[in-house]
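First the structure, in the form of structure tokens, and then the observations on it.
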Amino acid sequence: MVDATAPQYEVADTDDGIPLKVKLARATRRQKIRALLLVAPLGLFVFISFLWPIIEMLSRSVYSPELGEILTRTTVAIEKWDGEGLPGEDVFEQFAMDMKEAAKAKTLGKVATRFNFEISGTRSLMFGSARKLKRVKEGPWKEAFIKINKKWGDRSIWVEMKRLTDPIQSNFYVNSFDRRLNAEGQWELLPDEKQIYLPLFLRTLYISVGVTAMCLLLGYPLAYWLS
């Protein structure tokens, strides 16, 4: 029920007949849009120069499609392998075809470099095997690879290859804690002589705590005296 005794206010109109409230809202909206347009170049600059490199770096830390894009046949064949023993003849055959094509297209270096991050010495294994593989025209391919280099008979190499052909990986984060995934998919600590990141983290933490303590010890009394 409307109170008849309550004061009634008329909505003021401007000269063009538009209510003053509407006109003020439009003016406020235009000011906000103008302010946003003025800030937009700075926001775009910050995104391109600061945020986008961080996003790109974070994506590369978990997304590594190099092996899957180059070793296309091997990726499909090794996916069916259960990880027990050595892969079947079909995996060795597809890997031989991929290696020959990669050597011809000069993309074998990307595969060898990425593989060498996880298992030291596999870069030279890849290039040496690719050179000798040119003379092999037909199978059995498993015997041919092991004859070229006995390391191809090591199950851990094929387990790592199966893991690396998956574009989504956690290897870089595992390595940052001086650990690696073994052939059974479990984390294991690297030997003391190969540990790099954990000592650096601890040293950085020690220095940062020391610097903070010194700043408080020297800066706080001086600030108190100046105040």
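The values are calculated or read from the model by the stated rules, or taken from the named source; none is laboratory data. Just so you know, these numbers come straight off a predicted model, no measurement behind them. With ideal geometry, Cβ positions are generated from the backbone for all residues, glycine too; neighbour counts draw on all protein chains shown. When the accessible area is computed, the model is the full protein with side chains, heavy atoms only, and any ligands, DNA or RNA have been set aside. Shrake-Rupley method; radii C 1.70, N 1.55, O 1.52, S 1.80 Å.
Below, the figures for the structure above:
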quantity	calculated
Under 20 Å from K132, Cα to Cα: lysines that are on another chain or at least 8 residues apart	K100, K104, K106, K110, K142, K147, K150, K151
Under the Karplus curve 6.51 cos²θ - 1.76 cosθ + 1.60, θ = phi - 60°, whole-Hz ³J(HN,Hα) for segment 54-61, x wherever Gly or Pro sits	5, 4, 5, 5, 5, 5, 5, 6
Under the Karplus curve 6.51 cos²θ - 1.76 cosθ + 1.60, θ = phi - 60°, whole-Hz ³J(HN,Hα) for segment 149-161, x wherever Gly or Pro sits	7, 5, 5, 5, x, 8, 4, 4, 5, 6, 5, 5, 5
Label-point separation in nm, K23 to L42, each point 7 Å along Cα→Cβ	3.2
K23 - accessible surface, heavy atoms, 1.4 Å probe, Å² rounded to 10	80
Segment 115-127 - phi-based ³J(HN,Hα) in whole Hz, Karplus 6.51/-1.76/1.60, Gly and Pro as x	5, 5, 4, 8, 10, 5, x, 6, 5, 5, 5, 5, 5
Accessible-area composition of the chain, carbon plus sulfur, in percent [1.4 Å probe]	64
Formal net charge of residues neighbouring L36 (Cβ-Cβ distance under 13 Å; K, R +1; D, E -1)	+4
Pairwise label distance in nanometres, L200 with K132, each label 7 Å out on the Cα-Cβ vector	3.5
Extension gain from M214 to I168, taking 0.36 nm per residue of separation minus the Cα-Cα distance	12.2 nm
D192 paired with L226, simple spin-label distance in nm, labels 7 Å along Cα-to-beta-carbon	4.7
Where segment 64-116 is the region considered: accessible area per residue in Å², 1.4 Å probe	48
Reciprocal of mean inverse Cα separation for segment 133-227 (Kirkwood radius, Å)	18.3
Neighbourhood charge, 12 Å Cβ-Cβ cut-off, centred on D90 and excluding it, Lys, Arg +1 and Asp, Glu -1	0
Under 5 Å, built H, 5+ apart or other chain: amide partners of D178	Y197, L198
Gaussian network model of the chain, Cα within-10 Å springs - most flexible of R155, R34, R131	R34
